[in-house]
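The values are calculated or read from the model by the stated rules, or taken from the named source; none is laboratory data. As the structure is a computational prediction, the values presented were derived from the model and not from experiment. Because the Cβ atoms are built from the backbone with ideal geometry, glycine has one as well, and the counts that use them run over all protein chains shown. To get the accessible areas, we keep the full protein, side chains included, count just its heavy atoms, and leave off ligands, DNA and RNA. Shrake-Rupley method; radii C 1.70, N 1.55, O 1.52, S 1.80 Å.
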Amino acid sequence: MAKVTLALDELTCPSCLTKIKQAVSSTPGVTNVKVLFNAGKVKAEFDPEVVQAEKIAAVVTDLGYEVKSNKTTV
Amino acid sequence: MKLQRFVTKHNRQFLLLNGILMGLGLSFNFWTDQRTIAVILLIAASIIGVFPIALHAFSALRYKTISIELLVTIAVIGAFVVGEFHESAIVTFLFLFGGYLEKKTLAKTRASIKTLTELAPTTATVKTAQGEKQVDVDDLAVADQVLVRPGDQIPVDGVIIQGQGYVNEAAITGESKPVFKATTTQVYSGSLLDSGMLTVRTEKVGDETTFGKIIELVEEAQDAKSPAEKFIDRFAKFYTPAVLVIALVVYLITRDLNTAITLLVLGCPGALVIGAPVSNVAGIGSSAKAGILVKGGEVTTALAHVDTVLFDKTGTLTVGKPEVVTTINLIDDAEKLKQTTAQLLAIEKTSKHPLAQAIVTDLMHKKIPNISLKDSPETVKGQGLVTDTLFVGNQRLLADHGIQLDAKEKLTVQQIQQQGLSTVLVADKQHLLLALGIGDALKPDTAAALSKLKAMGLNRLIMLTGDNAASAQAIGQQLPLSGIQAELLPEDKLAYIKAQQAEGHQVAFVGDGINDSPALAAANVGIAMGAGADAAIETADVTLMNANFMALVVAIQKSRQTHANTVQNIVIAIGTVAALLIGLLLGKIDMASGMFVHEASILVVIFNAMRLLRHSNLAKRIQTAKKIAVQR
């Protein structure tokens with residue numbers, strides 16, 4: 001399991017949080033999704049054989065949130 | 001979903017266009033007869049305004065979330081159906097503008113953690129075989145040798161292998177007074193080298209460093225919800241759909257679309273969902289700036305309700321290592337006193353005994369000159385040190401060498417012993433010259449801080465210790481404690497905490513975080529104290545990075561303020577909705593004015609939370625030091 005931390009722009013609406021969490025969680029190979037509302041970060045664990053960090057970032061980007069940085073630790 | 005990104009990116013342009021069109025439309029409406037132009041402008045304003053809102057509503061709906069945006073979207077569509085175009089234009093504008101202001105003000109409440117993250121070092125100078133090299137901190141590895149120049153940030157956690165200097169550790173401990181560091185001492189990432197030059201051997205980098213852990217902890221803590229927040233969350237989950245249903249029912253019964261859509265706008269839970277989190281963010285963020293790490297809203301609430309504080313003695317209330325507490329001088333002649341103390345220093349320097357080292361530290365502090373001895377002192381095991389002219393040690397040493405104490409001298413020794421201190425006596429062949437009392441001294445601010453806690457209504461302050469009753473009493477009587485529990489084993493401490501809780505007390509346990517993790521975990525709030533207490537960060541609920549006792553006072557004050565602030569915000573939010581509903585029943589509120597009051601109430605709760613960002617004096621001092629650090 002690898003870990004990814006995405007830094008987003010400021011999050012202001014609590015419903016954005018639910019949205020991002022559900023979208024990332026429903027991506028295959030991704031588990032343990034945490035959206036930090038105040039820090040504007042998404043943290044998740046993923047299986048590098050199933051999915052890449054870039055793909056997770058793309059899911060968030062598609063929801064309309066800019067991903068400013070993307071850090072992966074194995 | 002390119003569209004969504006475009007809209008999010010150009011939110012401000014949408015707001016601006018929406019505002020201009022609405023302004024023009026309303027002007028035409030009021031000051032000219034061009035009704036058609038006015039209506040066209042207002043329709044355009046509404047469409048541009050509702051577009052980003054509806055998009056949000058739709059994308060949330062795809063993930064089965066009924067959002068505030070959905071309520072507003074339906075209300076705006078409803079207003080279109082009834083032909084209330086100026087209302088729809090005003091409502092969209094107020095909603096977008098409110099959201100914009102919310103973003104700006106929220107950023108302020110989050111600023112504390114932002115400034116902390118910005119203090120994280122980004123580059124480092126590495127020593128390599130080819131010479132010095134500038135690298136990104138992410139590229140550093142364990143065992144890399146990093147060079148730190150004055151004004152530079154220390155980029156890693158590690159040990160100094162060469163050089164010395166004064167280091168400002170405000171980012172870690174909240175204390176901005178520079179500390180002297182030399183070879184073999186530990187330094188922390190995020191601290192600043194004031195003067196000197198260091199080569200540091202890397203032990204931890206990035207997120208693994210103490211500084212990295214602090215940031216992560218604070219980020220997560222700001223999102224860890226208080227009981228009030230959890231309640232609101234559950235409430236809001238049903239509340240928003242309920243508003244939708246109620247509005248529908250009202251429409252079906254009254255057949256009055258106008259009232260139904262007004263109800264949708266009034267029912268928006270805006271201030272309610274933002275009110276409690278915003279207090280927490282501000283409270284936890286501003287505490288973090290003062291070196292007080294609180295692990296989330298739940299801890300804040302628990303700490304605000306604590307009525308009993310239990311203190312570990314050694315290393316928490318006290319410094320944790322022996323110090324010379326009293327020196328009684330029986331020499332009249334100033335010149336002889338000078339000579340004796342200088343000799344004492346030289347003698348004690350030859351010993352590695354903890355008491356000897358405490359004396360050396362004390363005498364060096366008093367600037368006693370260094371002299372060399374003619375012959376090296378002889379050690380008498382378990383008693384002390386002996387030279388040709390001086391005897392330094394305990395009573396046994398003097399007795400064994402035939403030095404008799406008179407009544408007055410005996411009294412002096414007794415006085416020291418009654419304070420729970422170890423005695424070191426200095427005598428020549430006939431008389432006692434000096435008597436030193438050595439013990440574990442209280443930390444400087446302890447008594448004052450405990451008095452402050454008392455003044456705040458915390459009357460149950462109890463010391464727990466494994467020491468014997470006499471030495472516990474000796475330390476305890478210098479403090480405004482309500483109780484002392486001595487001779488406790490670690491499991492006894494645990495049992496004592498549980499007994500207090502069984503009596504219905506809310507217990508905070510304050511320890512140094514080194515060997516009292518069971519007690520820290522068992523208490524309602526476990527508070528660990530001490531700089532760079534790495535392990536404690538994970539077990540304790542609250543970590544005071546600064547060993548200063550006043551930080552405890554600030555922590556409790558802040559948590560009480562934060563809790564009160566949360567309650568105020570919930571009252572404001574619920575009160576606003578109630579007042580609006582009453583207004584609606586009395587026919588005094590329409591959709592546009594309802595939206596205005598709503599957005600205003602959101603700003604009110606945010607501004608209320610901002611009051612928590614105001615700092616106490618202690619916190620202020622720390623902040624100024626950090627600002628200087630950033631400017632460099």
inquiry  = With the requirement that a residue be within 15 Å of the chain's Cα centre (by Cα) and either within 9 Å of chain A (Cβ to nearest Cβ) or buried (at least 21 other Cβ atoms within 10 Å of the Cβ) (or both), what does the stretch B:205-214 give you?
reply    = B:210, B:211, B:214
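From the list A:46, A:37, exactly one residue is modelled with pLDDT of 90 or more and of a type outside the set (A, V, I, L, M). Which is it? So that I can check it myself, show each step before the final result.
Values: A:37 fails: modelled with pLDDT of 90 or more.
Step by step, each of A:46, A:37 is checked, and only A:46 is modelled with pLDDT of 90 or more and of a type outside the set (A, V, I, L, M).
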inquiry  = Being open to solvent by 20 Å² or more (accessible area, probe 1.4 Å) and in contact with a His (Cβ under 8 Å, 6 or more places away or on another chain) is the filter here; which residues of the stretch B:291-303 pass it?
reply    = B:301
ask   = Looking only at the stretch B:149-185, which residues are open to solvent by 50 Å² or more (accessible area, probe 1.4 Å) and in contact with a Leu (Cβ under 6 Å, 6 or more places away or on another chain)?
value = B:150, B:152, B:153
ask   = Among the numbered criteria (1) open to solvent by less than 40 Å² (accessible area, probe 1.4 Å); (2) over 30 Å from residue B:491 (Cα atoms), which single criterion is violated by residue B:597?
value = (1)
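When you scan the stretch B:47-62, how many residues do you find that are within 22 Å of residue A:24 (Cβ to Cβ) and either open to solvent by less than 40 Å² (accessible area, probe 1.4 Å) or more than 9 Å from every other protein chain (Cβ to nearest Cβ) (or both)? Please lay out each step first, then the result.
Step one: filter the stretch B:47-62 for residues within 22 Å of residue A:24 (Cβ to Cβ), giving B:55-62.
If we keep only those that are either open to solvent by less than 40 Å² (accessible area, probe 1.4 Å) or more than 9 Å from every other protein chain (Cβ to nearest Cβ) (or both) too, we end up with B:55, B:57-61.
Selection size over the stretch B:47-62: 6.
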query = Of the residues that sit in the stretch B:1-46 and are within 14 Å of another protein chain (Cβ to nearest Cβ) and not in a helix (DSSP H, G or I), which one is most open to solvent (accessible area, probe 1.4 Å)?
reply = B:1
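Pull up the stretch B:322-367, narrow it to residues that are small (Gly, Ala, Ser) and assigned to a helix (DSSP H, G or I), then point me to the one that is nearest to residue B:443 (Cα to Cα). Before the answer, list the steps.
Here is the first cut: in the stretch B:322-367, the ones small (Gly, Ala, Ser) are B:334, B:342, B:346, B:351, B:356, B:358.
So of that shortlist, the ones also assigned to a helix (DSSP H, G or I) come out as B:334, B:342, B:346, B:356, B:358.
Working: B:334: 31, B:342: 28, B:346: 28, B:356: 21, B:358: 16 Å.
Among those residues, the one meeting the criterion is B:358.
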task = Report whether or not residue A:50 is touching a strand residue (DSSP E or B) at 6+ places or on another chain (Cβ under 9 Å) and open to solvent by less than 30 Å² (accessible area, probe 1.4 Å).
result = no
remark   = Scanning the stretch A:55-74 for residues that are surrounded by fewer than 14 Cβ atoms within 10 Å (Cβ to Cβ) and more than 28 Å from residue B:53 (Cα to Cα), the one modelled with the highest pLDDT turns out to be A:73
message = Name the single residue that is farthest from residue B:413 (Cα to Cα) among those in the stretch B:461-475 being crowded, with 19+ Cβ neighbours inside 10 Å and within 27 Å of the chain's Cα centre (by Cα).
response = B:461
query = Out of all the residues in the stretch B:476-504, which are in contact with an Asp or Glu (Cβ under 8 Å, 6 or more places away or on another chain), part of a loop (DSSP other than H, G, I, E, B) and either among the small types (Gly, Ala, Ser) or buried (at least 16 other Cβ atoms within 10 Å of the Cβ) (or both)?
reply = B:486
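How many residues are more than 14 Å from chain B (Cβ to nearest Cβ) and touching a Ser or Thr at 6+ places or on another chain (Cβ under 9 Å) if we restrict to the stretch A:21-43?
Pass one, the stretch A:21-43, residues more than 14 Å from chain B (Cβ to nearest Cβ): A:28-31.
Filter once more, keeping what is touching a Ser or Thr at 6+ places or on another chain (Cβ under 9 Å): A:31.
Number of matching residues: 1.
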task = Mind listing whichever residues of the stretch B:66-116 are open to solvent by less than 40 Å² (accessible area, probe 1.4 Å), among the hydrophobic types (A, V, I, L, M, F, W, C) and more than 14 Å from chain A (Cβ to nearest Cβ)?
result = B:75, B:76, B:79, B:89, B:90, B:91, B:94
